[in-house]
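Before any comments, here is the structure.
Throughout, read-outs are computed from the coordinates displayed, never taken from laboratory work. Nothing here was measured: the structure is a model prediction, and the numbers come from that model. Counting neighbours? That spans all protein chains shown, and the Cβs are built from the backbone with ideal geometry, glycine included.
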Amino acid sequence: MNIQLALDRLTIEEAVSIAGEVEGDVDWIEVGTSLIKEFGMDSVKRMKARFPNKTILADMKTIDNAKYEAELCFEAGADVMTVMGAASPATIEACLETAGKYKREVMIDLLHLSDSQKEKLLPFETAIFCEHVSKDEQEMGGQKNELARSMFQGLRMAVAGGITEASFNKLQMLRPEVVIIGSAITKAADRKAAASRLKQLSKQEEVK
Ligand SMILES: O=C(CO)[C@H](O)[C@H](O)COP(=O)(O)O
């Protein structure tokens, strides 16, 4: 299981610095959508330059214009890009095809999809499927990701959205390949200690 550190609502310098504080305890580093929107591909380039051995995910949340956006982020050094599950099949296919050319990967964000919409994504089985509770649902609706089952179990899965040390264990029922954690590390009083505890939890789950 990989821990993905999600870096949002920060400057590039702050994001690089936080990633440096916890790099020993995280596996993947996400350049959050907010960084990409505010600073563009420079945020991805600088993260990859500083952490060349980490898997860098560009949280593009692509919904159209797939080939162009996929090339942008893979040329900038991203190892993984995200596409919205709500996008047309043509968009998702173009992301996967472009990722294949670059030998990189695609994560499909399942944000706010119905079960019937999710079902239509099952054939994209080379992608990583991310069960996600949005920032707005967290901040305005008090929700967080506490999912105990998913139709994507058995495929490559990620989980995201307000995950904390307290909710970590429940999500392990899904056997995710990637657990995405933002605020529980970036806003912790002691980030290194928080990341280290989360890493320990992920190791405990692996031996079960
Ligand atoms: O993709 C995101 C927001 O759309 C975040 O990166 C993701 O939700 C993880 O952050 P947090 O743990 O703070 O919810």
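Simple spin-label estimate for residue 63 and residue 1 gives 3.2 nm between the two label positions (7 Å along the Cα-to-Cβ direction from each Cα).
3J(HN,Hα) along the stretch 119-127: 3, 5, 8, 3, x, 7, 6, 7, 7 Hz, from the Karplus curve 6.51 cos²θ - 1.76 cosθ + 1.60 with θ = phi - 60°, whole Hz, x for Gly and Pro.
Straight-line cross-link partners of residue 67 among the aspartates and glutamates, defined as a Cα under 16 Å from its Cα and at least 8 positions apart when in the same chain: 59, 75, 79, 93, 97, 105.
Dipole of the stretch 1-147 computed with +1 at Lys/Arg Cβ and -1 at Asp/Glu Cβ about the Cα centre; of 91, 81, 68, farthest Cα towards the positive end is 68. Considering Cα pairs under 8 angstrom that are at least six residues apart, work out the relative contact order of the stretch 87-193 and quote it in whole percent. After rounding, I find 20 percent.
With both labels modelled 7 Å from their Cα along Cα-to-Cβ, the residue 21 to residue 116 distance reads 4.6 nm. Ordered by the number of other Cβ atoms lying within 10 Å of each residue's own Cβ, fewest first, 112, 132 fall into the sequence 112, 132. Taking a straight Cα-Cα cut-off under 15 Å and skipping sequence neighbours fewer than 8 places away in the same chain, the aspartates and glutamates within cross-link reach of residue 187 are 8, 14, 21, 139, 165. Here the relative contact order of the stretch 2-207, from alpha carbon pairs under 8 Å that lie six or more residues apart, stands at 19 percent.
Let me make sure I get this right: for the stretch 2-207, a, b and c are the square roots of the gyration tensor eigenvalues over alpha carbons, sorted descending. Under 1.5 in a/c it's rounded, otherwise prolate if a/b > b/c, else oblate. Which is it? Cα axes put the stretch 2-207 in the oblate bin. Given +1 at the Cβ of Lys and Arg, -1 at the Cβ of Asp and Glu and no other charges, the dipole of the stretch 2-207 around its Cα centre is 340 debye to the nearest 20.
Partner lysines whose Cα lies under 22 Å from the Cα of residue 61, excluding those fewer than 8 positions away in the same chain, are identified as 37, 45, 48, 101, 103, 118, 120, 135, 144. In the chain, if the dipole is taken from +1 on Lys/Arg beta carbons and -1 on Asp/Glu beta carbons about the Cα centre, which of 110, 200, 1 is farthest to the positive end? Comparing the listed Cα positions along the dipole, 200 ranks first.
Taking 7 Å steps out from each Cα toward its Cβ at residue 42 and residue 165 produces label points 3.7 nm apart. Taking a Cβ cut-off of under 14 Å around residue 15, the surrounding Lys, Arg, Asp and Glu residues balance to a net charge of 0, with basic ones at +1 and acidic ones at -1. Normalising by residue count, the stretch 107-163 has a Cα convex hull of 75 Å³ per residue. Over the residues of the chain, the helix contribution to mean residue ellipticity at 222 nm works out to -12500 deg cm²/dmol, using -39500 (n - 2.57) for each DSSP H run of at least 4.
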